[in-house]
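Laboratory data are not the source of any read-out in this text; all were calculated from the coordinates shown. This one's a predicted model, so the numbers in the text were calculated from it and none came from an experiment. Heads up, the Cβs are rebuilt from the backbone with ideal geometry, glycines too, and the neighbour counts pull from every protein chain shown.
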Amino acid sequence: MKLETVCSFCGKSQNEVKRLVASPDGVSFICDNCIDICKEIVKEQEQPIIPNKFVLPTPKQLKTELDKFIIGQDNAKRAMAVAVYNHYKRLNHNFTPSDENKVELDKSNVLILGPTGVGKTLIARTLARILKVPFANIDATTLTEAGYVGDDVETVLQKLLVNANYDIKKAEMGIVYIDEIDKIAKKAEGRNLSRDVSGEGVQQALLKMLEGSVATVPISQGRKHPHQEVIEMNTNNILFICGGAFVKLNSIIQERQTYHSLGFEHEEKPENQTYKFAKQVCPADLIEFGLIPEFVGRLPVVVSLDALDEDALVQILKTPKNSLVSQFQTIFKMDGIDLKFEDDALKEIAKRALALNVGARGLRTVLEEAMLDIMYELPNNTSGKTIVLNSKNLKPSYSVQDKISKFNTVAS
Ligand SMILES: Nc1ncnc2c1ncn2[C@@H]1O[C@H](COP(=O)(O)OP(=O)(O)OP(=O)(O)O)[C@@H](O)[C@H]1O
Ligand SMILES: [Mg+2]
């Protein structure tokens, strides 16, 4: 008796399917239905988004998440959200297997401009945290051309590798923030005959890394030596964000605009227009500033941040997660004291911080100074008390006792 031929996968007989295909040895069979299902499975597996199941939030979701930590800077947050989204979307795309029609997407690193202490590093760091990718923050001023005293540019990658717990795959998808990039601007020509090892030299050295290349990174930290253990790291999928204050950039932009407006004279002086023009920056301005053209070309996305005003500083004091107000309240709570800030106290702190001209960084300086005497007395205060700060009792006073006695300390 002849055995009925059935699909070895679903068990259907020849009569129930369109086609049955036999294996080369003629022992097993597969039907057209099961072939279709197998095709689907293979296709699905060919699209692992980014390794480790990277779920990419939309730019809107990224912006909403940034809003929890960064006050103001709406345009910058939007632009950064889009830039980061596009970068990781590009990764998704390039990770999928290629067919002949596949377009390879190039990398777009980001240049972020804005005065000191307004959130440049914070935005970059927060984005890395939201995406759960490793982050490295390095100061461009510590870098020198290879062979000179100072850090080679590869140190940037070494830091990223350390922060990724030496997981090379993770590190290769991380975000690197290079701060103070304006400080490695080219020195004015002719001024210095020696090589510009910490300016143009570093820009040159960074080019390959920014563009995407395989770099040799020393594994152990410390001084360079020839027998160091090294690892090869591909920078093709690393997002580089370069940030700086670019203080003189405004006058360069303004000069260009005045020139192009055929003799039209701006009435305001450049210093009154701090960062008003940063949004209109073009590559030529950055080159005039001292960045070499190849370097500017590798930072196609330019984002500018605004200076923070008094209202923004008040918000920064009280609204973000881990705000300074909640940090101080936590410190006081450890001694059993409820610390309260009245609105006018927050305004006063913001006003003093604004005068320091260092952005939101001034807030901590002002608060530390204003709270020093109270914190000195803290352990002597019995717990269960409430301290209410307002603009009057916040005023710095020369006598500790006098200052403490002015505090509205009420037993609760
Ligand atoms: N827009 C903001 N919202 C909330 N907090 C902010 C904001 N800007 C700055 N801060 C606070 O100030 C600190 C310093 O900000 P950040 O390090 O981002 O400054 P920066 O723009 O990188 O300055 P620099 O040019 O000096 O490096 C942050 O850690 C944060 O606490
Ligand atoms: Mg910074």
Checking rank on 332-344, 362-374, with mean other Cβ inside 10 Å and highest first, the result is 362-374, 332-344
Considering only Cα-Cα distances, which of the following residue pairs are longer than 27 Å: Lys18/Lys39; Lys60/Lys132; Lys60/Lys107; Lys208/Lys321; Lys89/Lys120; Lys120/Lys385? Lys208/Lys321; Lys120/Lys385
Would you please put 9-22, 200-213 in order of how densely packed they are, using the mean number of other Cβ atoms within 10 angstrom per residue and starting with the highest? 200-213, 9-22
For the pair Glu4 and Ser28, the simple spin-label estimate (label points 7 Å beyond Cα toward Cβ) gives in nm 2.1 nm
Long-range amide H partners of Ser304 with built H, under 5 Å: Leu113
